[in-house]
1. Take MET74 and decide whether it is part of a loop (DSSP other than H, G, I, E, B), within 30 Å of VAL145 (Cβ to Cβ) and aliphatic (A, V, I, L, M).
2. Considering each of GLU162, GLU148 in turn, give the residue that is open to solvent by less than 90 Å² (accessible area, probe 1.4 Å) and at pLDDT 90 or above.
3. So which residues in region 12-40 are on the phi > 0 side of the Ramachandran plot and among the polar types (S, T, N, Q), if there are any at all?
4. Restrict the check to region 119-126 and report whether at least one residue is open to solvent by less than 50 Å² (accessible area, probe 1.4 Å), on the phi > 0 side of the Ramachandran plot and of a type outside the set (Ser, Thr, Tyr).
5. Would it be correct to say that ARG26 is out of contact with any strand residue (DSSP E or B) (no Cβ under 9 Å at 6 or more places or on another chain) and either among the aromatic types (Phe, Trp, Tyr) or free of Cβ contacts under 8 Å to residues at least 24 places away in the same chain (or both)?
6. Inspect all residues belonging to region 37-58 and state whether any of them is without any contact (Cβ under 8 Å) to a residue 40 or more places away in the chain and open to solvent by less than 30 Å² (accessible area, probe 1.4 Å).
7. Being outside any strand (DSSP E or B), closer than 23 Å to LEU77 by Cα and not small (Gly, Ala, Ser) is the filter here; which residues of region 1-52 pass it?
Amino acid sequence: MPFTAKIKREEPFCSADQREIYAMCRRIAGAAEHCSSAGWREESGYLLYHFTTWAKARAMQHWIDRSGIAHRPMPKLGPTPEEVAERKRQALAWGLAAGAVRDIVQAYRRTRHAGDQDLTSFNAACAICLALGRPNGEVQNTVGVLLEWARENHREWFYRFEPPAAPARERLHPAQSEARPALDAKPPPPRHSPIF
């Protein structure tokens with residue numbers, strides 16, 4: 001099919017826009033064939049619609065130019081940063097108001113302390129969150145937010161199964177290291193278990 005109509009666009013269309021374009025192609029083509037493809041080489045960045053006659057391709061190009069479909073906004077792909085921040089805020093507010101932070105973090109910690117991996121521990125915490133009444137669509141987000149909050153605010157709760165941080169190496173010139181006196185090493189603070 002040698003005759004084409006073009007839309008200059010690299011972003012995807014909304015499904016309603018795709019249906020509208022397909023319906024117009026079928027209407028213009030009638031009983032004849034039509035097809036669409038992405039342009040390449042000199043036509044890269046274009047969507048091409050092929051027709052059997054010049055008149056049909058011209059009618060499609062006229063509709064494309066008149067409708068302004070090439071300039072319609074791209075569909076929303078995923079939540080906006082504001083929506084993500086709001087979901088986190090709601091999850092943390094629910095966890096603190098319902099007193100669920102303790103139970104969820106303890107379920108995660110106990111499973112990790114028993115030797116299970118992170119995903120198994122996360123699933124155990126999700127089961128507790130679901131049992132406490134959180135809607136199924138919000139469980140994973142809520143558990144992730146609560147565990148992140150607990151790690152930021154109570155790092156000591158997770159010391160048993162997280163690797164200790166490597167001490168920073170001090171690089172000295174070999175001649176300076178002999179002349180410099182040794183620093184007094186302080187004993188590390190005692191480890192304790194959090195009280196819930």
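The values are calculated or read from the model by the stated rules, or taken from the named source; none is laboratory data. Keep in mind the model is a prediction, meaning the values are calculated, not measured. All Cβ positions, glycine included, derive from the backbone under ideal geometry; neighbour counts span all protein chains shown. Only protein heavy atoms, including side chains, enter the accessible area calculation; ligands, DNA and RNA are left aside. Shrake-Rupley method; radii C 1.70, N 1.55, O 1.52, S 1.80 Å.
1. yes
2. GLU148
3. Those that are on the phi > 0 side of the Ramachandran plot and among the polar types (S, T, N, Q): none in region 12-40.
4. no
5. no
6. yes
7. Answer for region 1-52, where residues must be outside any strand (DSSP E or B), closer than 23 Å to LEU77 by Cα and not small (Gly, Ala, Ser): ARG9, GLU10, GLU11, PRO12, PHE13, CYS14, ASP17, GLN18, ARG19, GLU20, ILE21, TYR22.
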